[in-house]
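Only one structure is covered here, and it is reproduced in the block below.
The values are calculated or read from the model by the stated rules, or taken from the named source; none is laboratory data. Just so you know, these numbers come straight off a predicted model, no measurement behind them. Here the Cβ positions follow ideal geometry from the backbone for every residue, glycine too, while neighbour counts run over all protein chains shown.
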């Protein structure tokens, strides 16, 4: 249960989704009853029939920032910069200068003082570096955010491949939930990608409450577990917040016996992190470093909607903690057999 090999499975490469389905709610949905282990196959829009009017859906309203920038160093060499902490710019000087923590990919490690030039007058200076991360000062004329959203690219997961001329998929639009509003993520909370505005309105008409929280998905979500015993893994931290109104709605629903359904593992981590020992949500903010793996006792989450996760990943460990490792691996085998699409742009599971 604690060995990294316990969370491995074989996935045919062709089942790694490279693009979303044309209509978000037309993706497949595998329903797993975590008590019995039984499985049933649906379309995502049929989630409507699986939910109760008393349910509360918790969604993560973080917005993916197109913070991947392609430029050239002052020496002429190519450089790729990825902004990691867009939600907390520091050392702001005037309206057009910001300092961010970044990753930089270049043929040679950039030194302090290196200048990188991007399109439309944006430039960046490397201030310092530590442990592979760089403090980078960006300057431009005019609106920095507007410029970033024009020239920046969405930092897609490494298993999604795009040719430089591939314009068939508008990732800036499709790799974003329809309720995204709080800028700061470098990856989408992908379970939410299946929702449309029309489907959300239909759920509300059924009296299902939808509450928003925020967790800015960070680069650590892509980092592999490198220890043989998962209990030795040091999970990344991600900034999260639960507003007072959302906390109140969740707590009242729990008191009335309603189900709290987390849309995605980011919501699960946030709810479990910002709750007391009795399962009451605390309206607060903090850097969530909660690592959930089998043996964890859930305090708030009653059900979850999630995508299919990478082998040996902390997300696979989280859903295994919630539904049982054997149930999850059996569900994954069934999904592979039925040709479900995996990972960020893939199909979904409903676990209850």
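Among residues of segment 102-117 that are on the phi < 0 side of the Ramachandran plot and in the same structural domain as residue 78 (by TED's automatic domain parsing), those with a beta-carbon under 7 Å from a residue that is exposed (fewer than 12 other Cβ atoms within 10 Å of the Cβ) and not in a loop (DSSP other than H, G, I, E, B) at least six positions away or on a different chain give the pairs 112/128. When we screen 260, 292, 282 for residues that are in contact with a strand residue (DSSP E or B) (Cβ under 7 Å, 6 or more places away or on another chain) and within 28 Å of residue 219 (Cβ to Cβ), the only hit is 282. The requirement of being in the same structural domain as residue 272 (by TED's automatic domain parsing) and without any contact (Cβ under 8 Å) to a residue 40 or more places away in the chain is fulfilled nowhere in segment 65-78; no residue meets it.
Every condition in (1) within 22 Å of the chain's Cα centre (by Cα); (2) touching a residue at least 40 places away in the same chain (Cβ under 8 Å) holds for residue 226 except the one numbered (2).
Confirm whether residue 285 is at pLDDT below 95, closer than 30 Å to residue 154 by Cα, surrounded by fewer than 17 Cβ atoms within 10 Å (Cβ to Cβ) and in the same structural domain as residue 193 (by TED's automatic domain parsing). I'd like the intermediate steps shown before the answer.
Working: at pLDDT below 95: no; closer than 30 Å to residue 154 by Cα: yes; surrounded by fewer than 17 Cβ atoms within 10 Å (Cβ to Cβ): yes; in the same structural domain as residue 193 (by TED's automatic domain parsing): yes.
When the stated conditions are applied, residue 285 does not pass them.
For residue 311, the conditions (1) in contact (Cβ under 8 Å) with a residue 60 or more places away in the chain; (2) assigned to a strand (DSSP E or B); (3) surrounded by fewer than 16 Cβ atoms within 10 Å (Cβ to Cβ) are fulfilled apart from (2). The residues of segment 329-344 that are touching a residue at least 40 places away in the same chain (Cβ under 8 Å) and either assigned to a helix (DSSP H, G or I) or closer than 13 Å to residue 6 by Cα (or both), listed by number, are 329, 330, 331, 332, 333, 334, 335, 336. When you look at residue 185, is it farther than 30 Å from residue 49 by Cα and either buried (at least 16 other Cβ atoms within 10 Å of the Cβ) or out of contact with any helix residue (DSSP H, G or I) (no Cβ under 9 Å at 6 or more places or on another chain) (or both), yes or no? Answer is yes for this residue. Against the condition surrounded by 17 or more Cβ atoms within 10 Å (Cβ to Cβ) and within 11 Å of residue 58 (Cβ to Cβ), how does residue 328 come out, does it pass? In short, no. Does at least one position in segment 43-52 carry a residue that is assigned by TED's automatic domain parsing to the domain that holds residue 187, over 30 Å from residue 146 (Cα atoms), assigned to a strand (DSSP E or B) and modelled with pLDDT of 95 or more? Taking every residue of segment 43-52 in turn, at least one turns out to be assigned by TED's automatic domain parsing to the domain that holds residue 187, over 30 Å from residue 146 (Cα atoms), assigned to a strand (DSSP E or B) and modelled with pLDDT of 95 or more.
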